[in-house]
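Q: Below is the structure I would like to discuss, written out as structure tokens.
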Amino acid sequence: MHASPVIAERDGAVLRYASEADLPTVDSLTVVCYRPIWESYVAMLGEECYEAVRHEPELTWEERKIRQNRALFGEHPEWLWVLADREGGVFGFVSFWLVPEKNYGHIDNNGVSPERAGRGWATFMYRHVLQHFRDVGLRFAHVDTGLDDAHIPARRAYQAVGFDRAVPTVEYWQDLSRLDAASQPG
């Protein structure tokens, strides 16, 4: 794979390529880090709508997010990086995709343990991913995130590393079983 799995060091921690042994911890971090986002999404949609329209309904949201990371690692293990402390304990991760035929890289699932959040670890990871994109000759970088309050830390971190072109979007849903004056004809 790579001669040295270490990508960068900071304050006694290392950013390195993930290994198979790291995956259970990445799974746990994924659930912890994405729970507030999932809760926000369900609150915005309502539980009934969420259950009716969610992606891959045969899976829980936890299983779906974990499967995304595992599938990426299975296909491209070098596209999943972890933050580990001096003792080797993983406390953050970032996954990404390289899309050379379109000249861009995409930052995908990522998170930092809540105990270490707010200390610049996410921006540390993103800066190194972005440098990797440059090093492999890509011109553009992409990331997507929500506009709800649960995504405020992510938006701040992405802006801090130079993401400066936003394409705002909104999803609208309606419960058609509710009859209201605005939806009645004439």
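The values are calculated or read from the model by the stated rules, or taken from the named source; none is laboratory data. Fair warning: this is a prediction, and the values are worked out from it, not measured in the lab. Cβ atoms come from the backbone with ideal geometry, glycine included; neighbour counts cover every protein chain shown. Heavy atoms of the whole protein, side chains included, go into the accessibility calculation; ligands, DNA and RNA do not. Shrake-Rupley method; radii C 1.70, N 1.55, O 1.52, S 1.80 Å.
Q: From the list Tyr50, Tyr41, pick out the single residue that is under 17 Å from the mean Cα position of the chain (by Cα) and of a type in the set (Phe, Trp, Tyr).
A: Numbers: Tyr50 fails: under 17 Å from the mean Cα position of the chain (by Cα).
None of the other options fit; the residue is Tyr41.
Q: Which members of the stretch 71-84 meet the condition of being open to solvent by 40 Å² or more (accessible area, probe 1.4 Å) and either outside any helix (DSSP H, G or I) or of a type outside the set (D, E, K, R) (or both)? Before you say what the answer is, go through the steps one by one.
A: So the first thing to find is which residues in the stretch 71-84 are open to solvent by 40 Å² or more (accessible area, probe 1.4 Å), and the list is 71, 74-76, 78.
Correct list: Ala71, Gly74, His76.
Q: Can you run down the residue pairs with Cβ atoms below 7 Å, 6 or more apart or on separate chains, where the first is in the stretch 84-103 and more than 20 Å from Val26 (Cα to Cα) and the partner is assigned to a strand (DSSP E or B) and not β-branched (Val, Ile, Thr)?
A: Leu98/Gly105; Val99/Gly105; Val99/His106; Asn103/Phe140
Q: Specify the residue that is surrounded by the most Cβ atoms within 10 Å (Cβ to Cβ); the eligible residues are those in the stretch 137-162 that are at pLDDT below 95 and basic (Lys, Arg).
A: Residue satisfying both the conditions and the ranking: Arg155.
Q: Right, next: Listed residues Val90, Val31, Val6, Val99; which is under 15 Å from the mean Cα position of the chain (by Cα) and β-branched (Val, Ile, Thr)?
A: Val31
Q: Are any residues in the stretch 20-70 open to solvent by less than 30 Å² (accessible area, probe 1.4 Å) and not hydrophobic (A, V, I, L, M, F, W, C), and if so, which ones?
A: Of everything in the stretch 20-70, those that are open to solvent by less than 30 Å² (accessible area, probe 1.4 Å) and not hydrophobic (A, V, I, L, M, F, W, C) turn out to be Asp22, Asp27, Thr30, Ser40, Gly46, Tyr50, Lys65, Asn69.
Q: Within the set of pairs 6+ apart or on separate chains, which have a first residue in the stretch 41-61 that is polar (S, T, N, Q), a second that is outside any helix (DSSP H, G or I), and C-beta atoms under 9 Å apart?
A: Within 9 Å, no pair qualifies.
Q: State which residue is nearest to His142 (Cα to Cα) when the search covers only the stretch 65-103 and only residues that are at pLDDT 95 or above and basic (Lys, Arg).
A: Lys102
Q: Okay, next question. Mind checking which pairs have a first residue in the stretch 161-181 that is more than 21 Å from His106 (Cβ to Cβ) and a second that is of a type outside the set (A, V, I, L, M) and modelled with pLDDT of 85 or more, Cβ under 8 Å, 6 or more apart or different chains?
A: Here the result reads Trp173/Cys49; Asp175/Gly46; Asp175/Glu48; Asp175/Cys49, each pair linking the stretch 161-181 to a residue that is of a type outside the set (A, V, I, L, M) and modelled with pLDDT of 85 or more.
Q: Moving on to the next point. With the checklist (1) open to solvent by 80 Å² or more (accessible area, probe 1.4 Å); (2) touching a residue at least 24 places away in the same chain (Cβ under 8 Å); (3) in a helix (DSSP H, G or I) in hand, flag the one item Arg134 doesn't pass.
A: (2)
Q: Name the one entry in Glu87, Glu51, Glu39 that is of a type in the set (Asp, Glu), outside any strand (DSSP E or B) and in contact with a Pro (Cβ under 8 Å, 6 or more places away or on another chain).
A: Numbers: Glu87 fails: in contact with a Pro (Cβ under 8 Å, 6 or more places away or on another chain); Glu39 fails: in contact with a Pro (Cβ under 8 Å, 6 or more places away or on another chain).
Of Glu87, Glu51, Glu39, the one residue that is of a type in the set (Asp, Glu), outside any strand (DSSP E or B) and in contact with a Pro (Cβ under 8 Å, 6 or more places away or on another chain) is Glu51.
Q: Look through Arg127, Arg165 and report the one residue that is open to solvent by 70 Å² or more (accessible area, probe 1.4 Å) and modelled with pLDDT of 95 or more.
A: Answer to the selection: Arg127.
Q: Scanning the stretch 104-124 for residues that are closer than 21 Å to Arg10 by Cα, small (Gly, Ala, Ser) and free of Cβ contacts under 8 Å to residues at least 60 places away in the same chain, which turns out surrounded by the most Cβ atoms within 10 Å (Cβ to Cβ)?
A: Ala122
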